[in-house]
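Q: The structure's right below; bear with me while I get my questions together.
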Amino acid sequence: MLPLLKVAFGQGLRGITLILLPLAFISLITWATAGSSTGNTADPMRAAIWFFLIAHHIPLDLSLSNETISGRLTFFPIGALIIPFLVIKNALLRMSERLGASRASEKRAHLLALSFTYSLLGTLLSLASLGGTVKAPFYIVFPILFLVSFVSGYIASNLLPDQGMEFPWQRALKLAALLVLALVGFAGLVFSFSLIWHFDTVLDLTRVIEPGVFGGLAFLFIQILYLPNFFISTLSYIAGSGVVIGNGTWLNPFVHRLDEIPAVSLLGGLPVGAQPLFILLALVIVGLGIVIGKYGVSKYQDQVELRRFILAFVGLTAGLTLFIARASSGELLSPNLESVGPHWYLMPLALTLEIGLGVAIFLYSPIAISKVRNFRLAK
């Protein structure tokens, strides 16, 4: 046990260092080029640790002297989760090389030890960087770090159970995950076309920021990490539930309630006004529901099993869309931007209804057509 913890401690420390070093370098260069009359050289290191916490989706409270950028930060870049994923994956590979891990039980032991030491070191590091201006409750730092590192390692180590899909809920879970990924990918294509269409607006927003060379590179990197958030917001817009960018705003194909937008280049892809024709893209979602209904009928001849599959699929789809909607929304540094992103409760509702409509069309339209024909023949 002691050798395992020793190796896990070393790999956890190495992993955190691999994340902090480039962040500290970027923070130092940006800090040096921007200049400050009140800052000191410790500020870039503290900023690097804050970015480390943000990459793991740990909420921060900011109480800065400039009230315009004081508030909570819970609107996190989903793409940043790739950073701890790659670090944990590399650490587990190194642990396996040093300790050997041929059985799944040994891999799980390695993962638990690494997640514990990684989270403990990250929590201790956060205590040294957080204070009166930037806060994060210490009792949530360790659990979130542990959850992110454990899930990342669980996926990277291929510890998912390798068994046949014997039960309807297993097929439903796999299809629900594939469906959500397909919908986010489709929304990403729509958002990319919108960015190209409104490219002049994107350039104007970039000129307003004037981040400089190093600041511009850092800003570009951050926006790339935020792309999954914008893809999910686009999916919410297509579904009709819409997105919000601050208090009192709402954008969907029929409503455009937005006075101004923050100076973020990606927001240049927003529609200029109401676009009712965009609701036609929701037919893609309904069409996928029809495909799922056809798949269920082809796999399950027994009506009870078919009903279980459909109910499990609809329920899991609602759960997954609720999760991604909640993960891609939050507060962005200001009480005026208390809610940014998709309507986290409307989006899963709209998507579930549209997918359920597609399933119902496939299952019940032949019955309805048959009844209409019989009714006409009876006349």
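The values are calculated or read from the model by the stated rules, or taken from the named source; none is laboratory data. Since the model is a prediction, treat every value here as computed from it, not as a measurement. No Cβ is skipped: glycine too gets one built from the backbone with ideal geometry, and neighbour counts run over all protein chains shown. Keep in mind that these areas ignore ligands, DNA and RNA; they rest on the heavy atoms of the full protein, side chains included. Shrake-Rupley method; radii C 1.70, N 1.55, O 1.52, S 1.80 Å.
Q: Would you work out which of 151, 194, 249 lies farthest towards the positive end of the dipole of the chain? Charges go on Cβ: Lys and Arg +1, Asp and Glu -1.
A: Comparing the listed Cα positions along the dipole, 151 ranks first.
Q: Between 149, 105, 334, find the one with the highest GNM mean-square fluctuation for the chain; connect C-alpha pairs within less than 10 Å.
A: Highest fluctuation of the listed residues: 105.
Q: If you take the charge dipole of segment 218-369 about its Cα centre, with +1 on Lys and Arg Cβ and -1 on Asp and Glu Cβ, which of 369, 318, 353 is farthest toward its positive end?
A: Looking along the dipole axis, the top candidate is 369.
Q: In addition: Mind checking the full-extension length gain between residue 2 and residue 93? Use 0.36 nm per residue of separation minus the Cα-Cα distance, one decimal, nm. Provide the component values of the computation, followed by the final result.
A: Details: separation 91, 0.36 × 91 = 32.76 nm, distance 1.90 nm.
Once the chain is fully extended between residue 2 and residue 93, it gains 30.9 nm.
Q: Taking the Cα centre of segment 262-379 as the origin, how large is its charge dipole in debye, to the nearest 20, when only Lys and Arg (+1) and Asp and Glu (-1) carry charge on their Cβ atoms? Display every interim value, and only then the final one.
A: Numbers: 9 positive and 5 negative charges, 171 e Å.
Approximately 820 debye in magnitude.
Q: How big is the dipole moment of segment 250-307 about its Cα centre under a simple scheme where the beta carbon of each Lys and Arg is +1, that of each Asp and Glu is -1, and everything else is neutral? Debye, nearest 20, please.
A: Numbers: 4 positive and 4 negative charges, 44 e Å.
Roughly 220 debye, rounded to the nearest 20.
Q: Give me the one-decimal nm value for the distance between modelled label points at residue 61 and residue 18, 7 Å along each residue's Cα-to-Cβ direction.
A: Distance between the two pseudo-spin positions: 3.4 nm.
Q: Another question about this same structure. What does the C-alpha gyration tensor say about the overall shape of segment 208-353? Classify as rounded when a/c is under 1.5, otherwise prolate if a/b is larger than b/c, or oblate.
A: Working: a/c = 2.55, a/b = 2.12, b/c = 1.20.
Because a/c hits 1.5 or more and a/b exceeds b/c, segment 208-353 counts as prolate.
Q: Can you tell me what the convex hull of the Cα atoms of the chain projects to on average, as an area in nm²? All intermediate terms of the calculation are to be shown ahead of the outcome.
A: Values: hull surface 95.2 nm².
That works out to 23.8 nm².
Q: Okay, moving on. What is the helix-to-structure angle for 282-299, meaning the angle in degrees between its Cα long axis and the longest Cα principal axis of the chain, kept from 0 to 90 and rounded to the nearest 10?
A: 70 degrees
Q: Size of the dipole of the chain about the Cα centre, Lys and Arg at +1 and Asp and Glu at -1 on the beta carbon, nothing else charged, in debye to 20? Display every interim value, and only then the final one.
A: Numbers: 24 positive and 17 negative charges, 307 e Å.
Once rounded to the nearest 20, the dipole reads 1480 debye.
Q: Using only the alpha-carbon atoms, how far is helix 303-327 inclined from the longest principal axis of the chain? Give it as 0 to 90 degrees, nearest 10.
A: 30 degrees
Q: From the P(r) of segment 226-289, can you give the percent of Cα pairs sitting at distances over 15 Å? Before the final figure, lay out the partial values.
A: Working: 1044 of 2016 pairs.
Value for segment 226-289: 52 percent of Cα pairs lie more than 15 Å apart.
Q: Rank 58, 124, 280 by how far each Cα sits towards the positive end of the charge dipole of the chain (+1 on Lys, Arg Cβ; -1 on Asp, Glu Cβ) and give me just the farthest.
A: Value: 280.
Q: Further, regarding this structure: State which entries of 107/294; 89/174; 107/135; 89/135 exceed 32 angstrom in Cα-Cα distance in the structure shown.
A: Details: 107/294 39 Å; 89/174 23 Å; 107/135 35 Å; 89/135 29 Å.
Among 107/294; 89/174; 107/135; 89/135, the Cα-Cα distance tops 32 Å for 107/294; 107/135.
Q: Further, regarding this structure: Can you give the local net charge around residue 270? Use residues other than it whose beta-carbon is closer than 15 angstrom to its beta-carbon, Lys and Arg +1, Asp and Glu -1. Mind showing how you got there, number by number?
A: On the way: positive: 257; negative: 200, 204, 259, 260.
With Lys, Arg at +1 and Asp, Glu at -1, the neighbours total -3.
Q: Roughly what angle does helix 42-55 make with the longest principal axis of the chain, taking Cα atoms, 0 to 90 degrees, to the nearest 10?
A: It is inclined by approximately 20 degrees.
Q: Something else now. So how much accessible area does residue 72 have, in Å² to the nearest 10, using a 1.4 Å probe?
A: Answer for residue 72: close to 100 Å² accessible.
Q: Taking R0 as 45 Å, what FRET efficiency do you get between residue 174 and residue 222 from their Cβ-Cβ distance, rounded to the nearest 0.05? List each step's numbers first, then the result.
A: Numbers: r = 33 Å, r/R0 = 0.73.
For R0 = 45 Å, the calculated efficiency reads 0.85.
Q: If you don't mind, there's one more thing I want to ask. Compute the distance from the alpha-carbon center of segment 249-317 to that of segment 108-145, in whole Å.
A: Cα centroid to Cα centroid, the span is 37 Å.
Q: At 1.4 Å probe size, with the rest of the protein present, what percent of the exposed accessible area of the chain is carbon and sulfur atoms? Write out the running numbers ahead of the final one.
A: On the way: 14360 of 20750 Å².
That fraction is 69 percent.
Q: Please compute the length gained on full extension between residue 257 and residue 189, using 0.36 nm multiplied by the number of residues separating them and subtracting their Cα-Cα distance. Can you show the working numbers first?
A: Details: separation 68, 0.36 × 68 = 24.48 nm, distance 2.42 nm.
Extra length from residue 257 to residue 189 when fully extended: 22.1 nm.
Q: Within a Cβ distance under 13 Å of residue 315, other residues only, what is the Lys/Arg minus Asp/Glu net charge?
A: After counting each charged neighbour, the total is +2.
Q: Over the chain, calculate the relative contact order: mean separation of alpha carbon pairs under 8 Å at least 6 apart, over the residue count, as a percent. Write down the numbers at each step before the final one.
A: Details: 520 pairs, mean separation 75.6, N = 379.
Computed over the chain, the figure is 20 percent.
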